[in-house]
Amino acid sequence: MAFILIRAMNKKKALNSLADIERHGKLTIIGKPKQISIKKAYTLTKRILKKEPRGDIKVAVLVKVKESTTESIMNLRKIHPPAHLIVISEEYPEYDVMCEEFKKAKIFDGYYSSKNKSNSKDKK
């Protein structure tokens with residue numbers, strides 16, 4: 001299980017990136033994506049990447065995926081979402097902080113899993 005931080009210029013690009021994670025990245029999102037502050041996303045990105053991230057980001061979303069960190073990274077390398085994606089693995093000290101942040105954060109409105117829709121059609 002891993003976290004993916006999505007840093008986008010606007011809500012539409014964040015939503016498209018979430019869809020790309022599932023559809024093209026073939027990853028399974030657990031629960032609802034959560035919105036975190038731009039400042040926390042900036043700090044986290046700076047610590048993980050060890051360089052200054054772009055400052056023109058307006059939306060930061062944290063999502064948990066079922067797949068392992070390695071599988072998440074390999075699958076995401078193959079896609080080209082309209083936002084900056086960072087996989088946060090258990091090996092980073094920030095992982096535990098993100099677990100707590102994920103529990104407290106507000107749900108990111110507007111995203112509905114395409115996988116859930118296809119499963120509900122199969123049940124009918």
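Can you tell me how many residues in the range 104-116 are open to solvent by less than 90 Å² (accessible area, probe 1.4 Å), in a loop (DSSP other than H, G, I, E, B) and among the hydroxyl-bearing types (Ser, Thr, Tyr)?
Start the filter on the range 104-116 by keeping residues that are open to solvent by less than 90 Å² (accessible area, probe 1.4 Å), which leaves 105, 107-108, 110-111, 113-115.
Checking which are in a loop (DSSP other than H, G, I, E, B) leaves us with 105, 108, 110-111, 113.
Cutting the leftovers down to among the hydroxyl-bearing types (Ser, Thr, Tyr) gives us 111, 113.
Count: 2.
Restricting Leu27, Leu44, Leu18 to residues that are within 13 Å of Tyr112 (Cα to Cα) and not in a strand (DSSP E or B) narrows the list to Leu18.
Note on the range 42-88: residues that are farther than 11 Å from Ile4 by Cβ and open to solvent by 30 Å² or more (accessible area, probe 1.4 Å) amount to 21. Taking each residue of the range 76-95 that is of a type in the set (S, T, N, Q) and looking for partners that are surrounded by 14 or more Cβ atoms within 10 Å (Cβ to Cβ) and assigned to a helix (DSSP H, G or I) with beta-carbon atoms closer than 6 Å, six or more apart or interchain, yields Ser89/Thr69.
Among the residues of the range 6-28 satisfying the criterion of being out of contact with any Ser or Thr (no Cβ under 7 Å at 6 or more places or on another chain) and open to solvent by less than 10 Å² (accessible area, probe 1.4 Å), which is farthest from His84 (Cα to Cα)? Working first, answer last.
Within the range 6-28, the subset out of contact with any Ser or Thr (no Cβ under 7 Å at 6 or more places or on another chain) is 9-18, 20-21, 24-26, 28.
In the following step, the residues that additionally are open to solvent by less than 10 Å² (accessible area, probe 1.4 Å) were identified as 14, 17-18, 21, 25.
Details: Ala14: 9, Ser17: 9, Leu18: 11, Ile21: 12, Gly25: 14 Å.
Among them, the one singled out is Gly25.
Residues that are farther than 21 Å from Asn16 by Cβ and in a loop (DSSP other than H, G, I, E, B) within the range 78-103 comprise Ser89, Glu90, Glu91, Tyr92, Pro93, listed in sequence order.
The values are calculated or read from the model by the stated rules, or taken from the named source; none is laboratory data. Keep in mind the model is a prediction, meaning the values are calculated, not measured. All Cβ positions, glycine included, derive from the backbone under ideal geometry; neighbour counts span all protein chains shown. Ligands, DNA and RNA are stripped out before the accessible areas are found, and what is left, the full protein with its side chains, is counted by its heavy atoms. Shrake-Rupley method; radii C 1.70, N 1.55, O 1.52, S 1.80 Å.
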